[in-house]
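Asker: Mind having a look at this structure? Questions to follow.
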Ligand code: PLP
């Protein structure tokens, strides 16, 4: 196992030991939740227990949870369902929304990365969309969107509302009825569950978007043999995330404050979205004059796993579309470093990061425009 200091929880999160225990146990059996024999019925009971655990995490009725392979599938399922009608999505959505259809209409954000409600309302009046899609917490900046206000506006203008809550689950409370959400996507591996499993949770609008057709699994809403072990692990991770939410916020909040207070003492450092409400586990910052590629490599060599806000495609770092939408220059949008913490992060990890940071800063000082 890697002995790097892992501070990249928004990319993926280590499996919790309790989740590993249930996974190990379930994976030993030939579980097909659709089989009518005893082994199949046992699998079905495990899946139904997990459905209750997911429903409890987001305050939804159990029968509104549809298991799938993760949030890329969940987001595509919803967007594809409405693809013949106008769809509004925020400029800072994950590519799993932005690339799910060719002609999405973009809602701008302000310089803190928060959706502009007045512009949203103008677009609703102009385009009369069938769907509005805005994420709960942004994966790069951690900014929390005013979801209840956004969904109220969408509904007022006759649109349904989809929320990608991948980076909110396990970090802040999610209450589907209170937030007015019609479709919500979740991914297990962002809060201590296994990869390759997630859920689309329906509100009470009565529409069931379906992407995969075939067998009658998930009441025909998502065909394909259920990933029983993955679903059980996902359910366990959801139960733990719900029970540990306050502790998570308190603990990661201390890390965030320690980190940001220290970073601010260095000239040339800019921390993004400080004027907005953010999840407590995420800090995105850049240093004038330094590219995130250079910094990422230097951190990596010194044993620290962090991430850059930018997308990396064909070996070339593209400026972050999130930071661009917030008004950042190409240079700034290519230079950001994201630190994201989680359940296994310790004060020593933060100290290790800050020690390496100090060393790198001293070494690269002459290149920094303080
Ligand atoms: N949405 C957001 C906000 C994400 O951060 C991610 C993963 O990075 C996804 C969707 C895609 O999730 P998955 O890995 O489950 O396909």
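The values are calculated or read from the model by the stated rules, or taken from the named source; none is laboratory data. A quick note: this is a predicted structure, and the numbers were derived from the prediction, not measured. Note that each Cβ is placed from the backbone with ideal geometry, even for glycine, and that neighbours are counted across all protein chains shown.
Asker: In the stretch 53-86, which residues are surrounded by 15 or more Cβ atoms within 10 Å (Cβ to Cβ), more than 20 Å from the chain's Cα centre (by Cα) and either within 16 Å of the ligand (Cβ to nearest atom) or in a helix (DSSP H, G or I) (or both)?
Answerer: Hits for the stretch 53-86 are 64, 81.
Asker: What are the pairs with Cβ atoms under 6 angstrom where one residue, in the stretch 87-106, is under 12 Å from residue 132 (Cβ atoms) and without any contact (Cβ under 8 Å) to a residue 12 or more places away in the chain and the other, located anywhere, is within 11 Å of the ligand (Cβ to nearest atom) and assigned to a loop (DSSP other than H, G, I, E, B)? Sequence gap at least six, or different chains.
Answerer: Note: no pairs meet the criteria.
Asker: Filter the stretch 125-149 for residues that are outside any loop (DSSP other than H, G, I, E, B), in contact with a helix residue (DSSP H, G or I) (Cβ under 9 Å, 6 or more places away or on another chain) and either free of Cβ contacts under 8 Å to residues at least 24 places away in the same chain or closer than 23 Å to residue 76 by Cβ (or both) and give the result.
Answerer: The answer is 131, 132, 133, 147.
Asker: Separate question: Could you please give the count of residues in the stretch 307-335 that are farther than 15 Å from residue 111 by Cα and either modelled with pLDDT of 95 or more or assigned to a strand (DSSP E or B) (or both)?
Answerer: The qualifying residues number 6.
Asker: Also, I was wondering about something else. Please indicate, with yes or no, whether at least one residue in the stretch 188-197 is within 14 Å of the ligand (Cβ to nearest atom) and farther than 30 Å from residue 337 by Cβ.
Answerer: No, every residue in the stretch 188-197 fails to be within 14 Å of the ligand (Cβ to nearest atom) and farther than 30 Å from residue 337 by Cβ.
Asker: With the condition kept exactly as written, say whether any residue in the stretch 144-157 is within 11 Å of the ligand (Cβ to nearest atom), modelled with pLDDT of 95 or more, under 24 Å from residue 83 (Cα atoms) and surrounded by 24 or more Cβ atoms within 10 Å (Cβ to Cβ).
Answerer: no
Asker: Residue 255 passes all but one of (1) out of contact with any helix residue (DSSP H, G or I) (no Cβ under 8 Å at 6 or more places or on another chain); (2) modelled with pLDDT of 95 or more; (3) surrounded by 15 or more Cβ atoms within 10 Å (Cβ to Cβ); which number fails?
Answerer: Unmet condition: (1).
Asker: Look through 104, 98 and report the one residue that is farther than 21 Å from residue 284 by Cβ and within 16 Å of the ligand (Cβ to nearest atom).
Answerer: Answer to the selection: 104.
Asker: Can I ask one more? Whether any residue in the stretch 7-14 is more than 18 Å from the chain's Cα centre (by Cα) and farther than 15 Å from residue 218 by Cβ is what I want to check.
Answerer: No, that holds for no residue.
Asker: Restricting to the stretch 191-234, name every residue that is assigned to a helix (DSSP H, G or I) and in contact with a strand residue (DSSP E or B) (Cβ under 9 Å, 6 or more places away or on another chain).
Answerer: Once the filter is applied, which keeps residues that are assigned to a helix (DSSP H, G or I) and in contact with a strand residue (DSSP E or B) (Cβ under 9 Å, 6 or more places away or on another chain), the stretch 191-234 yields 218, 219, 230, 231, 234.
Asker: Take the residues of the stretch 105-124 that are touching a helix residue (DSSP H, G or I) at 6+ places or on another chain (Cβ under 7 Å) and assigned to a loop (DSSP other than H, G, I, E, B): which is surrounded by the most Cβ atoms within 10 Å (Cβ to Cβ)?
Answerer: Ranking the qualifying residues of the stretch 105-124, first place goes to 113.
Yes or no, residue by residue, for (1) in contact (Cβ under 8 Å) with a residue 40 or more places away in the chain; (2) within 16 Å of the ligand (Cβ to nearest atom); (3) touching a helix residue (DSSP H, G or I) at 6+ places or on another chain (Cβ under 8 Å):
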{"residue": "171", "(1), (2), (3)": "yes, yes, yes"}
{"residue": "175", "(1), (2), (3)": "yes, no, yes"}
{"residue": "178", "(1), (2), (3)": "yes, no, yes"}
{"residue": "183", "(1), (2), (3)": "yes, yes, yes"}
{"residue": "217", "(1), (2), (3)": "yes, no, no"}
{"residue": "221", "(1), (2), (3)": "yes, no, no"}
{"residue": "225", "(1), (2), (3)": "yes, no, no"}
{"residue": "230", "(1), (2), (3)": "yes, yes, yes"}
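Asker: Continuing with the same structure: Which condition does residue 167 not pass, out of (1) near the ligand (Cβ under 10 Å from one of its atoms); (2) in contact with a helix residue (DSSP H, G or I) (Cβ under 6 Å, 6 or more places away or on another chain), if it passes all the others?
Answerer: It fails just one condition, (2).
Asker: Can I ask one more? Can we say residue 344 is part of a helix (DSSP H, G or I) and either under 24 Å from the mean Cα position of the chain (by Cα) or at positive phi (or both)?
Answerer: Spelling it out, it is not the case that residue 344 is part of a helix (DSSP H, G or I) and either under 24 Å from the mean Cα position of the chain (by Cα) or at positive phi (or both).
Asker: Looking at the stretch 334-347 only, could you name the residues that are touching a residue at least 60 places away in the same chain (Cβ under 8 Å) and surrounded by fewer than 24 Cβ atoms within 10 Å (Cβ to Cβ)?
Answerer: 343, 344, 345, 347
Asker: Here is a follow-up. Identify, from the list 284, 290, the residue that is touching a residue at least 40 places away in the same chain (Cβ under 8 Å), over 21 Å from the mean Cα position of the chain (by Cα), within 30 Å of residue 366 (Cα to Cα) and not in a helix (DSSP H, G or I).
Answerer: The match here is 290.
Asker: Among the numbered criteria (1) farther than 15 Å from residue 197 by Cβ; (2) at pLDDT below 95; (3) buried (at least 19 other Cβ atoms within 10 Å of the Cβ), which single criterion is violated by residue 29?
Answerer: Result: residue 29 fails condition (3) only.
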